[in-house]
Amino acid sequence: MPAGHLVVLPDAVDLTRAAVLPVAWLSAWYCLRRLARVTKGDTVVVKAAASGVGTAAVQIAAEAGARVIALAGSAEKAAWAGEFGADVTLDTSAHPDDAEVEEVLRLTGGRGADVVLDTVGGRAFGRSLREVGHSGRVVALANVALEPSTVDTRDFYPKNASILGFQLTNLQIHGYDPRPDLRELAERVAAGVYRVPIETVVPLEEARAAHERLERRDNRGKIVLDVGSDSGK
């Protein structure tokens, strides 16, 4: 591994928690701090708030002084996302489709959010455009729905809203050096500002079962694969 790809960890951050930072946490950090430029007083909607990126985003936005509305796909997951600093939680299974948009607008006094972090894509992206307010920012960083995102341009251009795209690997290919951001994240984790939820650590031999658990969306927090010191890898 080239030395230029490495970050020295604070003593208080173990390798298990550090393993979570370079993808989920770095994505949430870059999207909110660098792209959306979340500041104190903003209202931020975080979709799939119980996911790895989502729980990170809730904490990062809350620390910046934003009012956080956390959306998740069940009452249980919404409540869990609320434990990470969200001001309001929304169970989208109880507010499907248009009802989700109506509830977000109600929670924002009809103004819409300053920032919507869309980690879902597909039809959810169209709702994100309707949930953002005047001069707001919608950050699109995934399409886990694996379906086309059909949008009505009238949902965003009259509001002078911005749509910002993010894809971590492509960003690095084009010159982004993540090490300064990773250092800052690790320092905040070490200081106890951020909590990295890890559900379980499993040996590499159980990788299939771990993936199946992820696909069923049964997990709360990250599942970390441990290659083991004697694995020869």
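Among the residues of segment 5-15, what is the count of those that are open to solvent by less than 60 Å² (accessible area, probe 1.4 Å) and either within 16 Å of GLY192 (Cβ to Cβ) or of a type in the set (Asp, Glu) (or both)?
Taking segment 5-15 as the starting set, the residues that turn out to be open to solvent by less than 60 Å² (accessible area, probe 1.4 Å) are 7, 9-10, 12-13.
Okay, now just the ones that are also either within 16 Å of GLY192 (Cβ to Cβ) or of a type in the set (Asp, Glu) (or both), so 9-10, 12-13.
Matching residues across segment 5-15 total 4.
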Considering every residue within segment 199-209, establish whether at least one is touching a Leu at 6+ places or on another chain (Cβ under 7 Å), at pLDDT below 90 and hydroxyl-bearing (Ser, Thr, Tyr).
no
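Kindly check whether there is at least one residue in segment 185-203 that is of a type in the set (Asp, Glu), assigned to a loop (DSSP other than H, G, I, E, B), without any contact (Cβ under 8 Å) to a residue 60 or more places away in the chain and over 27 Å from ALA3 (Cα atoms). Give the steps one after another, and end with the answer.
At the first step, the residues of segment 185-203 found to be of a type in the set (Asp, Glu) are 187, 199.
From what's left, assigned to a loop (DSSP other than H, G, I, E, B): none.
No - not one qualifying residue is present in segment 185-203.
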Here is a check on your reading of the model: is ARG137 modelled with pLDDT of 95 or more, open to solvent by less than 50 Å² (accessible area, probe 1.4 Å), assigned to a helix (DSSP H, G or I) and not polar (S, T, N, Q)?
no
Looking only at segment 209-224, count how many residues are under 20 Å from VAL144 (Cβ atoms), without any contact (Cβ under 8 Å) to a residue 24 or more places away in the chain and open to solvent by 50 Å² or more (accessible area, probe 1.4 Å).
7
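Matching residues to (1) of a type in the set (S, T, N, Q); (2) within 16 Å of the chain's Cα centre (by Cα); (3) at negative phi:
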residue	(1), (2), (3)
ALA64	no, yes, yes
TRP80	no, yes, yes
ALA86	no, yes, yes
ASP91	no, no, yes
ASP97	no, no, no
VAL101	no, no, yes
Among (1) part of a helix (DSSP H, G or I); (2) closer than 20 Å to PRO22 by Cα; (3) in contact with a Gly (Cβ under 9 Å, 6 or more places away or on another chain), ASP177 falls short only on (1)
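The values are calculated or read from the model by the stated rules, or taken from the named source; none is laboratory data. Given the structure is predicted, the values throughout are model-derived calculations rather than measurements. For neighbour counting, all protein chains shown are included, and Cβ atoms are generated from backbone atoms with ideal geometry for every residue, glycine included. In case anyone asks, the SASA skips ligands and DNA or RNA and just uses the protein heavy atoms, side chains included. Shrake-Rupley method; radii C 1.70, N 1.55, O 1.52, S 1.80 Å.
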